[in-house]
Amino acid sequence: MKAAFACLRLGQVFALLTLVTASFASDWDRLKTGQPKGYVCFRAASRIQIDGQINEDAWRAAPWTDDFVDIEGGAKPKPRFRTRVKMLWDDNFFYVAAEMEEPHVCATLTKRDAVIFYDNDFEVFIDPNGDNHEYYELEINPLNAVWDLFLGIPYKDGGQALNTWDIAGLKTAVHIQGTLNDPKDTDTGWSVELALPWKALAEYAHRTAPPQDGDQWRINFSRVEWEYRIVDGKYRKTPNKKEDNWVWSPQGLIDMHRPERWGYVQFSTGEPSRKQFQTDPAAEARDVLMEVYYAQKEFHKVKKRWATTLEDLSLGRLKQLPSMQAPTIQITDEGFKVSAAARTPSGQNQLWHVTQDSRIWKAEK
């Protein structure tokens, strides 16, 4: 009996090890299902009045983004209500306008820096230099209440939100197509206009702000939508029902704080509709390094140490990539650094790094 029990236990151990090996990159397997989207943001040709109504000539010339999808991607049900965004810029502001279908527009929070997503809301996330660190978040509800915050590093890497940080000079407005907090009628929806000053965004941008023609920043948008019932003439959240998260560029996971999967906004001084979005030439290098990062995190959960080789992470195939050298792993006092030299489609050689806190960057020459 003891021998049989020992064989059973040994079999369970092998099964567990197989499961662990297969799950080293489990988060990344879901994150990589959706490719980051891109948007060309043109200069505003005329003045924009921030009143929540997206009706100026400048806005008419700007293209809409694709309609929002579920945060986990296309495999999830299509959102019940349409959401889409436009973007513009000038020397002083980065402008964002959002249009949201909503048959029952409601909100309760009015205080600055309250947890706005407890109401239905619209959210903006901006990482100017795309290193997954030092990024901005803004949330706004139909009462025009704002929560703006800054994160030095993502929550999953031990980061904490700096709620005391404000977007100095921020302009916001909301327009309701219907009646706010009135269950007796059916509304059309609500729209938002935002003017984010370059001066504030430049604080942690580590690059030119306002941007130069062709510059790309990482950005994403989210809409939190709760399901409501009408009880005794008042809106009540449906009990035991989680909120929906609808986004422009799908994350793959229910977590907006994965900047590596945000979309791209490409700033242009050209004529609208005459400039095409250019795919990030470093996209493959970024994805490869982030795959190693996620595999390292899973490996560390089990082994309580960092892997030193790609084989430890079951990622030996990354040695065979035609457009880049095999990533190398260096153990550091803080954790690890993974490096990879990649050749861009234009023939440039670039050296990229990622560390245990998910910071990713291109080495300067």
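State yes or no: is residue 279 free of Cβ contacts under 8 Å to residues at least 40 places away in the same chain, part of a loop (DSSP other than H, G, I, E, B) and surrounded by fewer than 16 Cβ atoms within 10 Å (Cβ to Cβ)? Considered against the rule, which asks whether it is free of Cβ contacts under 8 Å to residues at least 40 places away in the same chain, part of a loop (DSSP other than H, G, I, E, B) and surrounded by fewer than 16 Cβ atoms within 10 Å (Cβ to Cβ), residue 279 comes out as no.
Residue 40 falls short on exactly one of the conditions (1) closer than 30 Å to residue 143 by Cβ; (2) not in a loop (DSSP other than H, G, I, E, B), and that condition is (1). Has the stretch 102-119 got any residue that is out of contact with any Asp or Glu (no Cβ under 7 Å at 6 or more places or on another chain), at pLDDT 95 or above and of a type in the set (Gly, Ala, Ser)? Yes, that holds for at least one residue. Name the residue that is surrounded by the fewest Cβ atoms within 10 Å (Cβ to Cβ), counting only residues in the stretch 50-99 that are part of a loop (DSSP other than H, G, I, E, B), of a type in the set (Val, Ile, Thr) and in contact with a Leu (Cβ under 8 Å, 6 or more places away or on another chain). Ranking the qualifying residues of the stretch 50-99, first place goes to 50. If you go through the stretch 176-208 and pick out every residue that is of a type in the set (A, V, I, L, M, F, W, C) and in a loop (DSSP other than H, G, I, E, B), you end up with 2. Selection of the stretch 120-142 for residues being part of a loop (DSSP other than H, G, I, E, B) and surrounded by 21 or more Cβ atoms within 10 Å (Cβ to Cβ) yields 120, 128, 130, 132, 133, 141, 142. Per the listing 252, 152, 158, 178, the residue uniquely touching a Ser or Thr at 6+ places or on another chain (Cβ under 7 Å) and within 25 Å of residue 358 (Cβ to Cβ) is 252. For the stretch 209-219, indicate whether the set of residues that are in a strand (DSSP E or B), within 24 Å of the chain's Cα centre (by Cα) and more than 22 Å from residue 58 (Cα to Cα) is non-empty. Checked the stretch 209-219: at least one residue is in a strand (DSSP E or B), within 24 Å of the chain's Cα centre (by Cα) and more than 22 Å from residue 58 (Cα to Cα). Taken as a whole, the condition of being surrounded by 15 or more Cβ atoms within 10 Å (Cβ to Cβ), outside any helix (DSSP H, G or I), in contact (Cβ under 8 Å) with a residue 60 or more places away in the chain and out of contact with any Phe, Trp or Tyr (no Cβ under 9 Å at 6 or more places or on another chain) applies to residue 173.
The values are calculated or read from the model by the stated rules, or taken from the named source; none is laboratory data. Everything numeric here is computed off the predicted structure, so don't read it as measured data. No Cβ is skipped: glycine too gets one built from the backbone with ideal geometry, and neighbour counts run over all protein chains shown.
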